[in-house]
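Data first, discussion second: the structure below is written as structure tokens.
The values are calculated or read from the model by the stated rules, or taken from the named source; none is laboratory data. Since this is a predicted model, take the numbers as computed values, not measurements. Heads up, the Cβs are rebuilt from the backbone with ideal geometry, glycines too, and the neighbour counts pull from every protein chain shown. Just so you know, the surface numbers come from the protein's heavy atoms only, side chains and all, with ligands and any DNA or RNA stripped out. Shrake-Rupley method; radii C 1.70, N 1.55, O 1.52, S 1.80 Å.
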Amino acid sequence: MDLKSLIRDVPDFPKPGILFRDVTTLLSDPAGLRYTIDFLAQKCSEIELEIDYIIGMESRGFIFGAPMAYKLGAGFIPVRKKGKLPAAVHSIEYQLEYGTDTLEVHQDALQPGSKVLIVDDLIATGGTASATAQLVQKIDCELVGFGFIIELRDLQGRKHLPDVPIISLVEY
């Protein structure tokens, strides 16, 4: 299946000069969505990743991460923006282009030593994925890999990630 044909290009979003890769058109296509989840799960199985949990970052990481966890027989852990989780959290602050942001995960969500795969819709500069990886490592879990639907290769986000397998289904 040609996943690129299901991903809409939106010029000048969120600001002039940016070409936004919109996965909502992929999500609305039943066969495309099923194929995407199955194909990413297959790629993870092919490299024999041992996974206890899949972490998905707010919000599109939830969309792909939860069915991946189901497919691979793992638990799903949401990583959210600051202040969105109701119980005690581990948090990490990270740099954005203009300022900082914070990601959080419940303190009781992961046990030290757990094997974790991080899943998101897209890797661009790698900031959010890198911060999530640091959060996983901060709580003494083992990061076993990353899974992305889209990778924007020109932005070189993977160079900011730890040396673990990185799977991306579509590259621009």
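With the whole protein complex present, E142 retains an accessible surface near 90 Å², based on a 1.4 Å probe. Label reach from K82 (point 7 Å along Cα→C-beta): in the range 59-74, no amide nitrogen lies under 11 Å.
Using 0.36 nm per residue, how much length does the chain from R158 to D2 gain when fully extended, once their Cα-Cα distance is taken away? Please list the in-between numbers first.
Details: separation 156, 0.36 × 156 = 56.16 nm, distance 2.32 nm.
Stretched out fully, the R158 to D2 stretch lengthens by 53.8 nm.
Considering only M68, G127, V116, the residue lying farthest towards the positive end of the dipole of the range 60-162 is M68, judged by Cα position with unit charges set on Cβ. Based on the alpha-carbon gyration tensor of the chain and its eigenvalue square roots a ≥ b ≥ c, which shape applies: rounded if a/c is under 1.5, prolate if not and a/b is larger than b/c, or oblate? Oblate is the answer for the chain, as a/c is 1.5 or above yet b/c matches or exceeds a/b.
Accessible surface of the chain, 1.4 Å probe: 50 percent of it comes from carbon and sulfur atoms.
Could you give the dipole magnitude of the chain about its Cα centre, charging the beta-carbon of Lys and Arg +1 and that of Asp and Glu -1, in debye to the nearest 20?
280 debye
For the range 77-137, the direction-averaged projected area of the alpha-carbon convex hull comes to 4.4 nm². A crude spin-label estimate for the pair T100 and L169, with each label 7 Å from Cα along the Cβ direction, gives 3.5 nm. When the residues H160, H106 are ordered by accessible surface, computed with a 1.4 Å probe over the protein chains alone, the sequence from largest down reads H160, H106.
Please compute the per residue accessible area over the chain with all protein chains in place, 1.4 Å probe, rounded to a whole number of Å².
Details: 8840 Å² over 172 residues.
Normalised by residue count, the accessible surface of the chain is 51 Å².
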